[in-house]
Amino acid sequence: MASLVAYDDSESETEAEAEASSDAAGQMKDFSDVVKPHAQDFALEGPDETEGAAVPTQLGFREDPAGHRLPLVRLWRSDPGSCPSQRLQWPRAEPEVTFPAGKPLRPSLWTSHVPAGHAPLAAAHLKQVKLSRGAYDSPALSFCAQTKSETPGGNGSSLQRKRCEDCVVPYTPKRLRQSQALSTETGKSKDTEAQGPSVGRAPAPLSVAPRVSEFIEPYLDSQYRETTIPKKVLFHLRSHRGPVNSVQWCPVFAKSHMLLSASMDKTFKVWDAVDSGRCLQTYRLHSEAVRAARWSPCGQRILSGGFDFALHLTDLETGTQLFSAQSDFRITTLKFHPKDHSLFVCGGFNPEVKAWDIRTGKVVRSYKATIQQTLDILFLQEGSEFLSSTDASSRDSADRTIIAWDFRSSAKISNQIFHERYTCPSLALHPREPVFLAQTNGNYLALFSAVRPYRMSRRRRYEGHEGVEGYAVGCECSPDGDLLVTGSADGRVLLYSFRTASRARTLPGHAQACVGATFHPVLPSVLATCSWEGDIKIWH
C-alpha cells in the first residue's frame, strides 16, 4: 500500500523525467552514493520532484520495500505515526552539544546543488525560526548542520539523531535571549544616553549634593537683605533647543541653588544655577511642548503640563512619576494650592479651569467661563480664592480678562476687574502688601488690590516697554517687594521701583524676546531670565 500511495502521480512525474536534461540526471547520479547524514534530512516538495532520476538521499529521501526512494512528506502521509512532531519528546534536562572549534561548518547540499529558485519547505521554516529568535548567526543551520562525523566516534545519542533528522532548533532560555538582544544594542545605548531618556520613560534620580551651597548657606539664618540690582552675567545656559517658557527657583531655601526651566523642545530641565551652572537632569516625559512646570512646595517634586494634554508629577529622588493624567485640553498654566499641596489648578485652551487631586488622580472641581484660553492663575487669601487671566477681550473693554473665583464653591466672584482692551499674560502677587500686578499687552504693568473688590490703581502704572504683544511675558516682585522685573519683546530686562513706579535699570538681556524673569529667594542680587531664543542667563 505504501508503494501505491507513493506513486499516485507517477504519470506526471514520468513526463517530467523525459523532459529532464542528461546533465541534470548525471549530476543527480553522482550524489546517490553519498552517505546520508542525519543532520540534513529535509523534506523536498515541489514541481522539481522526479522518480526516474537518482535523487540524493541527503535531501530527505528514503527507500520503500521495493527499492524505490520516497520523500519524507509522502511517508508522513502514508504513515502518520512517523511524523516528527508526534514522536518527539523533550527531556527535562537539556543535553550538552559540543562543536569542534577548528572545523568550519559544512555547507548544506540543498543550498549548493538544488536547482536555482528551489527552496525546500523545511529550510524555509528554519529560516523563519532563525529570524524570529535572533540568536543564531552561523551561516548554516547551527544545530541541525552538524553531522555524524562531528560527534566523537560517530556514536551520538538517539535523541540528538532525532533532533538532527527533524531539524529541530534547540530551545534558548528567555534570559539568554534578552541578554543577547541587550548586547547587540550596546552600540546604540551611548547615543540614547547622550540624548537622554525617551518619551514616557522615567529618568534617572537627580544627583544632588546633600550639602547646602556655600553661597547660600550664609544667608539661611538671617533675614533677607535689601535687593540689589544685578549688573553682570554669572552663567549663560544654552542647553535647550527651543524657546524657554518659564524659569523658577526651588522654593526650599536650602535647595534654592536648583533652577527649573520649561521649554518648547518637549523637555524641562533642572540646573545648578548657583555653583556650577550645569544641567543636573533633563526630563523628556512629554510628546509636545512643555508650556508649564512648577516646583512642589516641598521641593522634591515637579509638576509639568504641556501641549500633549498630559500632566506629570515627577519625584526627583527616585525619578518615578507619582501622578500622571490626561487632560482634555492643552495645558498653558498650573499652580499648586498654597495650603493643600495635594491639589493643583490648571488651565489652557479650554473655557474651563480644573482643580485636580493628586491622591485620587481625578478632577475635583471645574470653573467654567465664556472664554477661549486661560493665560495664568494666581492664588489669593491663602488659597480660598484665585484669579485667572484669559484672552477674552472685546473692541472697547475686557470685562472677562481677569476673573476672581471662590476655590471651594467654584462660584465666580467678579469679572469686572480689568476694563481695558488688553489681555494679561501673567499675574504676580506682592510679597508684603495686599496687591498684585498684571503684565498687559498694552506695554505696561497694572497694579490691583488683592482684596475685594479688586480695584485697579489709576495713579501707579509701570510703563516703558518697547513691545510685549505677541509673547507671554512674565513679571515678578523681588522677595523684599522693592523691585519689579519683567521682560520685553526686544529681549531687554526691565527693573522698576515699586514705590515710585520709575525704571531702575534696563539690562541688555537676550537677542530675542525675554519671556521670563525671577529673583532668587535667598541671594539678594541673583536674577534668572529666559528668552524665546532658548537660552537662560543668571545675573549677579
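Residues that are closer than 30 Å to K412 by Cα and open to solvent by 40 Å² or more (accessible area, probe 1.4 Å) within region 458-477 comprise R458, R459, R460, R461, E469, G470, Y471, A472, E476, listed in sequence order. With respect to being open to solvent by less than 30 Å² (accessible area, probe 1.4 Å), in contact (Cβ under 8 Å) with a residue 24 or more places away in the chain, closer than 25 Å to E288 by Cβ and not charged (D, E, K, R), S414 falls outside the description.
Restricting the search to region 411-459, which residues are among the charged types (D, E, K, R) and in contact with a Lys or Arg (Cβ under 9 Å, 6 or more places away or on another chain)? If you could, list the steps in order and put the result at the bottom.
First, pick out the residues of region 411-459 that are among the charged types (D, E, K, R): 412, 420-421, 432-433, 452, 455, 458-459.
Passing the criteria: K412, R421.
Check whether at least one residue in region 499-510 is under 33 Å from the mean Cα position of the chain (by Cα), open to solvent by 10 Å² or more (accessible area, probe 1.4 Å), over 25 Å from R278 (Cα atoms) and of a type outside the set (S, T, Y), and report yes or no. The answer is no, given that none of the residues of region 499-510 is under 33 Å from the mean Cα position of the chain (by Cα), open to solvent by 10 Å² or more (accessible area, probe 1.4 Å), over 25 Å from R278 (Cα atoms) and of a type outside the set (S, T, Y).
For region 272-293, a tally of residues being over 19 Å from P205 (Cβ atoms) and surrounded by 22 or more Cβ atoms within 10 Å (Cβ to Cβ) returns 6.
Just a yes or no: is a residue in region 269-277 closer than 20 Å to D376 by Cα and of a type outside the set (S, T, Y)?
Taking region 269-277 and keeping what is closer than 20 Å to D376 by Cα, we get none.
No - not one qualifying residue is present in region 269-277.
For region 495-503, the count of residues that are in contact with a Ser or Thr (Cβ under 6 Å, 6 or more places away or on another chain) and over 20 Å from R241 (Cα atoms) is zero. Checking the condition on the phi > 0 side of the Ramachandran plot and at pLDDT 95 or above, which residue from F309, F344 passes? None of the others qualify; the one that does is F309.
Of L322, L285, L303, which residue is closer than 21 Å to H341 by Cβ, touching a residue at least 12 places away in the same chain (Cβ under 8 Å), of a type in the set (A, V, I, L, M) and out of contact with any Leu (no Cβ under 7 Å at 6 or more places or on another chain)? Talk me through it step by step, then tell me what you get.
Numbers: L322 fails: out of contact with any Leu (no Cβ under 7 Å at 6 or more places or on another chain); L303 fails: out of contact with any Leu (no Cβ under 7 Å at 6 or more places or on another chain).
Answer to the selection: L285.
The set of residues from region 416-436 being of a type outside the set (S, T, N, Q) and part of a strand (DSSP E or B) comprises L427, A428, L429, V435, F436.
In region 478-498, what residues are open to solvent by less than 10 Å² (accessible area, probe 1.4 Å) and part of a strand (DSSP E or B)? Those that are open to solvent by less than 10 Å² (accessible area, probe 1.4 Å) and part of a strand (DSSP E or B): L484, V485, T486, G487, V493, L494, L495, Y496.
State yes or no: is S389 at pLDDT below 95 and outside any strand (DSSP E or B)? Break it down into steps so the answer makes sense when it comes.
Details: at pLDDT below 95: yes; outside any strand (DSSP E or B): no.
So S389 does not fit the description; no.
Just wondering, is there one or more residues in region 447-457 that are more than 20 Å from D376 (Cβ to Cβ) and among the small types (G, A, S)? No, region 447-457 contains no residue that is more than 20 Å from D376 (Cβ to Cβ) and among the small types (G, A, S). One residue alone among L220, L316 is at pLDDT below 95 and in contact with a Leu (Cβ under 6 Å, 6 or more places away or on another chain), and that residue is L316.
Residues that are open to solvent by less than 40 Å² (accessible area, probe 1.4 Å) and closer than 15 Å to F519 by Cα within region 253-271 comprise S256, H257, M258, L259, L260, S261, listed in sequence order.
Within region 392-411, the residues that satisfy the criterion of being at pLDDT 85 or above and either open to solvent by less than 70 Å² (accessible area, probe 1.4 Å) or outside any loop (DSSP other than H, G, I, E, B) (or both) are T401, I402, I403, A404, W405, D406, F407, S410, A411. Filtered by the rule that a residue be part of a loop (DSSP other than H, G, I, E, B), in contact with a strand residue (DSSP E or B) (Cβ under 6 Å, 6 or more places away or on another chain) and within 15 Å of L280 (Cα to Cα), region 234-256 gives S239, H240, C250, S256.
Taking the criterion of being open to solvent by 50 Å² or more (accessible area, probe 1.4 Å) and polar (S, T, N, Q), the residues of region 227-252 that qualify are T228, S239. Remark: G305 falls outside the filter, which requires a residue to be assigned to a loop (DSSP other than H, G, I, E, B) and in contact with a Cys (Cβ under 7 Å, 6 or more places away or on another chain).
The values are calculated or read from the model by the stated rules, or taken from the named source; none is laboratory data. Please read all numbers here as calculations on a predicted model, not as lab measurements. Glycine also receives a Cβ, built like all others from the backbone with ideal geometry; neighbour counts cover every protein chain displayed. Just so you know, the surface numbers come from the protein's heavy atoms only, side chains and all, with ligands and any DNA or RNA stripped out. Shrake-Rupley method; radii C 1.70, N 1.55, O 1.52, S 1.80 Å.
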